[in-house]
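The structure appears right after this line, and notes come after that.
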Amino acid sequence: MTHSFLYIYDPLGGWCYGAAPRLTDLAKDYEVEMLPAGLFSGAGARPLDRSFASYAWASDQKIAKLTGQTFSSAYQSQALNGDGQALDSTFATLAMTAYSIVEPARGPEALKLIQKARYVAGEDITDLSLLVGLLSGSDFADAAALLQSHMTSVEAETARRVAHGQMVLNQMGGRGAPALIADAHGERMLLPSDLLFGSHEQLMGALNSFSHSIQQDFPAL
């Protein structure tokens with residue numbers, strides 16, 4: 001039975017960054033459609049004040065302990081506690097849309113690039129010019145050019161993708177991002193989110209179990 005997956009995320013979600021290794025594993029063997037949740041973009045954006053920065057750092061330490069992902073001191077001092085920072089994934093989501101239009105199969109790779117810029121290098125991924133430079137310098141020049149020269153089209157496609165991501169979350173009973181949904185010829189199943197934070201073996205074992213379960217429920221698939 002052929003599987004594909006829907007992955008609903010936000011570029012500024014700490015737990016989405018924590019899930020990055022398992023997303024990479026999944027993308028090696030399966031087709032993964034990336035859908036933005038819009039949690040911190042548009043109306044979801046907010047100033048990153050010191051109180052929220054402290055809360056975020058405490059949460060990040062839990063994610064690091066669980067997943068082994070790096071949340072660097074540069075991220076803490078520059079991205080979380082730097083002057084005038086915002087929790088705004090609008091431009092990062094636009095960048096992901098540009099990737100998805102140009103090279104949809106490389107979505108997980110693109111998200112990882114943007115996440116590492118923030119959580120490891122401490123870069124400000126709310127800055128459009130930084131994102132364009134990041135794309136241009138990382139073998140994604142076509143996506144950078146699209147982001148620069150066709151912003152109106154990218155914004156329209158992003159709005160469509162965010163609306164679709166939110167619709168899928170609501171339909172599947174998801175409670176936020178990241179969310180992983182298995183799709184077997186149109187029959188969808190929301191998978192437990194903790195699979196994204198465990199080991200590669202746990203994820204693959206669970207997917208095999210779910211495959212058998214779906215096959216029993218839908219033998220014609």
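The values are calculated or read from the model by the stated rules, or taken from the named source; none is laboratory data. For clarity, every value in this text was computed on a predicted model and none was experimentally measured. Cβ coordinates were reconstructed from backbone atoms using ideal geometry, including for glycine residues, and neighbour counts include every protein chain displayed. Note: accessible area is taken over every heavy atom of the protein model, side chains too, but ligands, DNA and RNA are not part of it. Shrake-Rupley method; radii C 1.70, N 1.55, O 1.52, S 1.80 Å.
Here's a check for you: in segment 74-91, which residue that is small (Gly, Ala, Ser) and in contact (Cβ under 8 Å) with a residue 12 or more places away in the chain is nearest to residue 16 (Cα to Cα)?
If we filter segment 74-91 for residues that are small (Gly, Ala, Ser), which is where we start, we get 74, 77, 79, 82, 84, 86, 89.
If we keep only those that are in contact (Cβ under 8 Å) with a residue 12 or more places away in the chain as well, we get 74, 77, 79, 82, 86, 89.
Values: 74: 19, 77: 21, 79: 17, 82: 22, 86: 18, 89: 13 Å.
By that ranking, first place goes to 89.
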Report summary line: In segment 16-75, residues that are among the polar types (S, T, N, Q) and either within 15 Å of the chain's Cα centre (by Cα) or closer than 16 Å to residue 6 by Cβ (or both) total 3
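Please go through segment 186-208 and pick out each residue that is within 16 Å of residue 32 (Cα to Cα) and either open to solvent by 30 Å² or more (accessible area, probe 1.4 Å) or acidic (Asp, Glu) (or both). First the steps, then the outcome.
Let us first name the residues in segment 186-208 that are within 16 Å of residue 32 (Cα to Cα), namely 186-191, 193, 195-196, 203-204, 207.
Hits for segment 186-208 are 186, 187, 188, 189, 190, 193, 204.
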Report summary line: Contact list, first residue from segment 131-146 and at pLDDT below 90, second anywhere and of a type in the set (Lys, Arg), beta-carbon distance below 9 Å, six or more apart or interchain, is 140/106
Query raised in the report: Of all residues in segment 108-123, which are of a type outside the set (Lys, Arg) and within 9 Å of the chain's Cα centre (by Cα)?
Result: 108, 111, 115
Query raised in the report: Take the residues of segment 1-31 that are outside any helix (DSSP H, G or I) and open to solvent by 20 Å² or more (accessible area, probe 1.4 Å): which is farthest from residue 89 (Cα to Cα)?
Result: 1
**Report entry** Close pairs (8 angstrom Cβ cut-off, 6 or more residues apart or separate chains): touching a residue at least 12 places away in the same chain (Cβ under 8 Å) in segment 93-119, crowded, with 24+ Cβ neighbours inside 10 Å and among the acidic types (Asp, Glu) anywhere
**Finding:** 93/10
